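Undergrad: Okay, here's the structure, questions in a sec.
The values are calculated or read from the model by the stated rules, or taken from the named source; none is laboratory data. All values reported here derive from a predicted model rather than from experimental measurement. Positions of Cβ are backbone-derived with ideal geometry, glycine not excepted, and every protein chain shown enters the neighbour counts. Keep in mind that these areas ignore ligands, DNA and RNA; they rest on the heavy atoms of the full protein, side chains included. Shrake-Rupley method; radii C 1.70, N 1.55, O 1.52, S 1.80 Å.
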Amino acid sequence: MKIIVLPGDGIGPETMAATVEVLQSVNKRFDLNLELEHDIAGHESLKKHGSTVTEALLHKVKTADGLMLGPMSTYDFKDESKGEINPSKFFRKSLDLYANIRPARTYSGLTNKVGPFDLIVVRENTEGFYADRNVESGSSEMLITPDVVISLRRITRLCCERIARTSFELAQTRRKKVTIVHKANVLKIADGMFIDICKSVGQEYPDVQIDDYIVDAMMAHVVRAPDKFDVIVTTNMFGDILSDLTSELSGSLGLAGSLNAGTQYAMGQAAHGSAPDIAGQDIANPMSLILSAAMLLGWCGQRSKSKRLLEASKAIEQAVERVVKDGQVTRDIGGNLGTQATGLALAKYLQTH
Ligand code: NAD
């Protein structure tokens, strides 16, 4: 089984090194026969190949079993004609990774401001307000005059249906509740369609309870009582924003694991960015990327019906629970361990338990 590893920008190389440590540890313990092939994307690739991502890299990813993408300094990449392509967009669009699954949960041993909760934000990943993926070529953001910009939002029946289905299927494995988050009071046609489709798909899952919230009010509800929610399904930008909030509520963005999944391919990627403010200091929390790697192994395990991969995925999650409980964590969640030492603590735990 081959996984392509792209460390990325900012804190990416540090957090990916810790993630690789953990992957090597489960590889040994569960005899996964895992091959990790390193390559580059983002600033390093721009310098070397004149582009943040290349078609050759995409080909390599397509022939592998999974991809681990480190955080990218997307904001730096302004002009696609100069090779400054947003790598997240590139892989999500090229591999049709339509479901961005972003769990947020609290941990025993870690105090937070809102009490215990365990939820998953399921974010549509291939259209919505993200102008760089809405059209076949170019962007759906247009400079009409020097003073007028139009950014188009695309919502399609296909994308609504498949993200709804992902959410209901996930809910069936959990507490059987789906919350639809939308702005149908203003975006009446697009988000009206999103709600209708989610509810209609929901009829195929009669054991799953459904409710819905307008996105602005949802921010208050999720801060007030996050334990009310199980699976939250929403469109691209709302999901991007909401999932940063839920991760931070759980303790830190540094716990924000995420999986980008389609029918054929999947990519583990922390929900946060390249955190330039803390890059190169060995203080970033690698758990977000490590939990993303666990999700990728879980996805591969389900697909290939491999018990060992599923066990490895679970073992990583349990190791995170244990070291958090023991306080062997980075400073964003109250500890004093470095990025590298956190990876080593997890790897050691996995070897001995
Ligand atoms: P960010 O998510 O990088 O950081 C926000 C805050 O969270 C910062 O204070 C940072 O120090 C902290 N943080 C993030 N990850 C952490 C971790 N693992 N451990 C501890 N603290 C952590 O957001 P930003 O600063 O607005 O963006 C930086 C760059 O990342 C920009 O270029 C942006 O476009 C890009 N970005 C990329 C992705 C992605 O690759 N998926 C996502 C979001 C932002």
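Undergrad: Give the residues of the stretch 149-200 that are over 17 Å from residue 122 (Cα atoms), hydrophobic (A, V, I, L, M, F, W, C) and open to solvent by 60 Å² or more (accessible area, probe 1.4 Å), sorted by residue number.
TA: 149, 150, 152, 186, 189
Undergrad: Something else now. Taking the stated definitions as given, is residue 231 within 15 Å of the chain's Cα centre (by Cα) and away from the ligand (no atom under 16 Å from the Cβ)?
TA: Yes; evaluated as a whole, the condition is true for this residue.
Undergrad: Take the stretch 180-209 and flag every residue that is under 28 Å from residue 117 (Cα atoms) and in contact with a His (Cβ under 9 Å, 6 or more places away or on another chain).
TA: 191, 194, 195, 198, listed by residue number.
Undergrad: Residue 66 is checked against (1) within 14 Å of the ligand (Cβ to nearest atom); (2) surrounded by 21 or more Cβ atoms within 10 Å (Cβ to Cβ); (3) more than 30 Å from residue 228 (Cα to Cα) and fails just one. What number does that condition carry?
TA: (1)
Undergrad: Something else about it: Conditions first: (1) among the basic types (Lys, Arg); (2) within 27 Å of residue 320 (Cβ to Cβ); (3) surrounded by 19 or more Cβ atoms within 10 Å (Cβ to Cβ). Residue 89 passes all but one, so which condition is the exception?
TA: (2)
Undergrad: Additional query: Is it true that residue 229 is open to solvent by less than 10 Å² (accessible area, probe 1.4 Å), in contact with a helix residue (DSSP H, G or I) (Cβ under 8 Å, 6 or more places away or on another chain), under 27 Å from residue 194 (Cα atoms) and in contact (Cβ under 8 Å) with a residue 40 or more places away in the chain? Write out each step before concluding.
TA: Working: open to solvent by less than 10 Å² (accessible area, probe 1.4 Å): yes; in contact with a helix residue (DSSP H, G or I) (Cβ under 8 Å, 6 or more places away or on another chain): yes; under 27 Å from residue 194 (Cα atoms): yes; in contact (Cβ under 8 Å) with a residue 40 or more places away in the chain: yes.
Yes.
Undergrad: Just checking, which of 109, 138 is touching a Lys or Arg at 6+ places or on another chain (Cβ under 8 Å) and either part of a helix (DSSP H, G or I) or not hydroxyl-bearing (Ser, Thr, Tyr) (or both)?
TA: 109
Undergrad: Somewhere in the stretch 203-216, is a residue under 28 Å from residue 329 (Cα atoms) and surrounded by fewer than 19 Cβ atoms within 10 Å (Cβ to Cβ)?
TA: No - not one qualifying residue is present in the stretch 203-216.
Undergrad: Confirm whether residue 258 is within 16 Å of the ligand (Cβ to nearest atom) and either touching a Cys at 6+ places or on another chain (Cβ under 9 Å) or hydroxyl-bearing (Ser, Thr, Tyr) (or both).
TA: Details: within 16 Å of the ligand (Cβ to nearest atom): yes; either touching a Cys at 6+ places or on another chain (Cβ under 9 Å) or hydroxyl-bearing (Ser, Thr, Tyr) (or both): yes.
So residue 258 passes the test.
Undergrad: Assess whether residue 10 counts as being at positive phi and either buried (at least 21 other Cβ atoms within 10 Å of the Cβ) or not assigned by TED's automatic domain parsing to the domain that holds residue 314 (or both).
TA: Yes: the conditions hold for residue 10.
Undergrad: Okay, moving on. How about the stretch 19-59: which of its residues are open to solvent by 90 Å² or more (accessible area, probe 1.4 Å), under 14 Å from residue 9 (Cβ atoms) and not acidic (Asp, Glu)?
TA: 47, 48
Undergrad: So which of 273, 334, 254, 268 ends up being within 22 Å of residue 8 (Cα to Cα), surrounded by fewer than 24 Cβ atoms within 10 Å (Cβ to Cβ) and not aromatic (Phe, Trp, Tyr)?
TA: On inspection, the qualifying residue turns out to be 273.
Undergrad: Among the residues of the stretch 82-99, which ones are within 20 Å of residue 235 (Cβ to Cβ) and of a type in the set (Asp, Glu)?
TA: Correct list: 96 only.
Undergrad: Could you list all residues from the stretch 293-338 that are among the hydroxyl-bearing types (Ser, Thr, Tyr), farther than 18 Å from residue 349 by Cα and within 15 Å of the ligand (Cβ to nearest atom)? Please lay out each step first, then the result.
TA: Looking only at the stretch 293-338, we keep the residues that are among the hydroxyl-bearing types (Ser, Thr, Tyr), and these are 304, 306, 313, 330.
Narrowing the set further to residues that are farther than 18 Å from residue 349 by Cα leaves 304, 306.
Answer for the stretch 293-338, where residues must be among the hydroxyl-bearing types (Ser, Thr, Tyr), farther than 18 Å from residue 349 by Cα and within 15 Å of the ligand (Cβ to nearest atom): there is none.
Undergrad: Still on this model: Looking at (1) open to solvent by less than 40 Å² (accessible area, probe 1.4 Å); (2) β-branched (Val, Ile, Thr); (3) more than 15 Å from the ligand (Cβ to nearest atom), which is the only condition residue 263 fails?
TA: The failed condition is (1).
Undergrad: Condition first: open to solvent by 40 Å² or more (accessible area, probe 1.4 Å) and away from the ligand (no atom under 12 Å from the Cβ). Can you find one or more residues in the stretch 95-102 that meet it?
TA: Scanning the stretch 95-102, I find at least one residue that is open to solvent by 40 Å² or more (accessible area, probe 1.4 Å) and away from the ligand (no atom under 12 Å from the Cβ), so the answer is yes.
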